[in-house]
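Every number here is computed from the coordinates shown, using simple stated rules; none is lab data. Given the structure is predicted, the values throughout are model-derived calculations rather than measurements. Backbone-built Cβ (ideal geometry, glycine too); neighbour counts: all protein chains shown.
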Amino acid sequence: MIHQFLKVTLLFGAFCFATTSFAQNKIVLKNVEIFNGKDSKTKVGSIVVEQNKIVKIVTGEIAATDLENAQVIDGKGKFAMPGMIDSHWHSFLAANSNQAIMLGDESFLFINAAKESENTLQRGFTTVRDLGGHVMGIKQANDYGINKGPRIYPSEAMISQTGGHGDASFPWSEPRMVDHTPPRFQVLGGSIIADGEQEVTVAAREQLRKGASQLKVMAGGGVATIYDPLDATQYTTKEIKAAVDAAENWGTYVTVHAYTPKAVRQAVDAGVKCVDHGHLLDEATVKLLGEKNIWLSMQPFDLDASAYTNPEQAANKRLVGTGTENVYTWAKKHNVKLAFGTDLVAPPKNPLRQNELVVNLKQWFSNFEILKMITYDNAQLLKMSGPRNPYPSDLGTLTEGAYADILLFDQSPLENIEVIGDPKNNLLLIIKDGKLYKDLLTKK
């Protein structure tokens, strides 16, 4: 398979590249307003980066010894914050249209996904939790600096029942037991069809073997797929629990795609630790998530359905959008742990809305709450991968010992969150893993 070949080739190149990539690296970003990701109050000072970590935060005048052998960048009082995190991203689906996935050459599709990954970083997202798609090769290329993209927490293939949200078969396709040829999307590693506890266990273990940091299970119907109704509950409690058991045996967790109270309650009974979407929940189910300490990874979907040409898909999108306000309101009321994700697919314009969805949060949250959610809070969700965490040091914070993932904005998003909506002009500097990926400051 071409993507297997590309993965091996990228990995080989990564090891070769690593011998020169990780030379001594020291950056001092001085004279900046520092938002650490967690505290509402900022402070003016300097950030000292060595290799890929923040080694010192200095307030006031910085010592000459801290500047030795460093690339010194004068921040000119601009706003420094942790790199943004998207808790629901699809590196492969954000880059490739449905038509391209069905008809395109595999090498083109994965190269296109790698390019879109670079665009994601340039929007200020230094980390993404990828919830479906074969992205291990892109992740490795990003980690070693071969590709200039974000950190990736991979789920690998989405686990779906027959006829579920991850089943890309046509309605007239032969049953699996008759025709053993999987759908193209499954061949590309986007999903895996598994029915019954035994098959779900095998599918879960296969994703963990490939390097998944968490598992994604389709527990209900969706917006983008035509053949599974949005209101459908998918899998049984025992089937979902089979995936949960496999994940927990590897020290990690399961998140589920689910919108409705019935689908979410079944998943909660099975032991999942995170729900993605949930826009059609009632207050009682939202309260249950708070009581059970379960994460809700929401997307601030609005009523815009222009990305969908199919009338049923467009209607589903608008229905989901009507539930956003209620669920956010109830989640705050019942102290549910909220994460921010975008789940933007169907290019070319949809991925460009990633920053726009951050700004959309202002309808329900203060600017501080938004910044904390897209940095520190999202990082706490990522930590649930436990020993499967590919990036074990702190993310989402500007503190000593944390990974050096730093953004510098021209204005303070704490005062005007709209600043984040235009990264091309307002995002002056991007540091990921201690390396500069954008620098408009010294070029001005």
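Find which of 186, 168, 244 sits farthest along the positive direction of the dipole of the chain, computed with +1 on the beta-carbon of Lys and Arg, -1 on that of Asp and Glu, about the Cα centre.
244
How much net charge surrounds residue 67 when only the other residues with a Cβ under 12 Å from the Cβ of residue 67 are counted, with Lys and Arg +1 and Asp and Glu -1?
Around residue 67, the charge tally is -1.
Sequence-distant or interchain residues sharing an amide H contact under 5 Å with residue 162, placed H: which?
Placed amide hydrogens put 194 under 5 Å from residue 162.
Pull out a ≥ b ≥ c, the square roots of the eigenvalues of the alpha-carbon gyration tensor of the chain, then state rounded if a/c is under 1.5, prolate if not and a/b is larger than b/c, and oblate in the remaining case.
Cα axes put the chain in the prolate bin.
Name the residue farthest towards the positive end of the dipole of the chain from the options 214, 108, 40, assuming +1 on Cβ of Lys and Arg, -1 on Cβ of Asp and Glu, about the Cα centre.
Sorting the options by dipole projection puts first 40.
Expressed as a whole number of Å, what is the distance separating the alpha-carbon centroids of segment 47-102 and segment 126-183?
Here the answer is 27 Å between Cα centres.
What is the set of long-range amide H partners of residue 153 at a cut-off below 5 Å, with H atoms built 1.01 Å from backbone N?
Under 5 Å from the amide H of residue 153: 128, 129, 130.
What shape does segment 290-444 take by its C-alpha gyration tensor, where a ≥ b ≥ c are the square roots of the eigenvalues and a/c under 1.5 counts as rounded, a/b above b/c as prolate, and the rest as oblate?
oblate
Can you tell me which of 393-400, 192-199 comes out highest on packing, and rank the rest after it, using the mean Cβ neighbours within 10 Å?
393-400, 192-199
Among 223, 55, what is the fewest-to-most ranking by other Cβ atoms within 10 Å?
By the 10 Å Cβ count, ascending, the order reads 55, 223.
Identify the trypsin sites (Lys or Arg not before Pro) of segment 75-138 meeting these criteria: DSSP loop state and at most 13 other C-beta atoms within 10 Å of the C-beta. It would help to have the intermediate numbers written out before the result.
Working: sites: 76, 78, 115, 123, 129; in loops: 76, 78, 123.
Counting only loop positions with at most 13 other Cβ atoms within 10 Å, the trypsin sites (Lys or Arg not before Pro) in segment 75-138 are 76.
So for segment 88-162, taking the charge dipole from beta-carbon charges (+1 Lys/Arg, -1 Asp/Glu), which of 157, 132, 117 sits furthest toward the positive end?
Farthest towards the positive pole: 117.
Taking each full run of DSSP H in the chain as one helix, which ones are at least 15 Å long along their axis (Cα atoms) and have mean Kyte-Doolittle hydropathy of at least 0.0?
In the chain, the long hydrophobic H runs are 2-21.
Of the peptides 431-441, 61-71, 272-282, how do they stack up when ordered by the mean number of other Cβ atoms within 10 Å, highest first?
Packing proxy ranking, top to bottom: 272-282, 431-441, 61-71.
Within the set 238/337; 139/443; 216/337; 26/53; 241/333, which residue pairs have Cα atoms separated by over 20 Å?
In this structure, 238/337; 139/443; 241/333 exceed 20 Å between Cα atoms.
Per residue of the chain, what 222 nm ellipticity follows from adding -39500 (n - 2.57) for every DSSP H run with n ≥ 4, rounded to the nearest 500? Don't skip to the answer; put the middle values down first.
Details: 15 runs with 151 residues, N = 444.
Computed mean residue ellipticity for the chain: -10000 deg cm²/dmol.
Let me make sure I get this right: for segment 392-444, a, b and c are the square roots of the gyration tensor eigenvalues over alpha carbons, sorted descending. Under 1.5 in a/c it's rounded, otherwise prolate if a/b > b/c, else oblate. Which is it?
oblate
Size of the dipole of segment 273-408 about the Cα centre, Lys and Arg at +1 and Asp and Glu at -1 on the beta carbon, nothing else charged, in debye to 20?
For this selection, approximately 160 debye.
Relative to the Cα centre, what is the charge dipole magnitude of the chain, using +1 at the beta carbon of each Lys and Arg, -1 at the beta carbon of each Asp and Glu, and rounding to the nearest 20 debye?
That gives a dipole near 800 debye.
Rank the residues 403, 328, 144 as a footprinting-exposure proxy: fewest other Cβ atoms within 10 Å of their Cβ go first.
Ordered from fewest to most neighbouring Cβ atoms within 10 Å, 403, 328, 144 come out as 144, 328, 403.
Please give the per residue volume of the convex hull enclosing the alpha carbon atoms of segment 130-250, rounded to a whole number of Å³.
Working: hull volume 13.3 nm³, N = 121.
About 110 Å³ per residue, rounded to a whole number.
For segment 345-356, what does the Karplus curve 6.51 cos²θ - 1.76 cosθ + 1.60, with θ = phi - 60°, yield as ³J(HN,Hα) per residue in whole Hz, taken in order and with x for Gly and Pro?
Couplings: 10, 6, x, x, 8, 4, x, 5, 8, 4, 6, 4 Hz.
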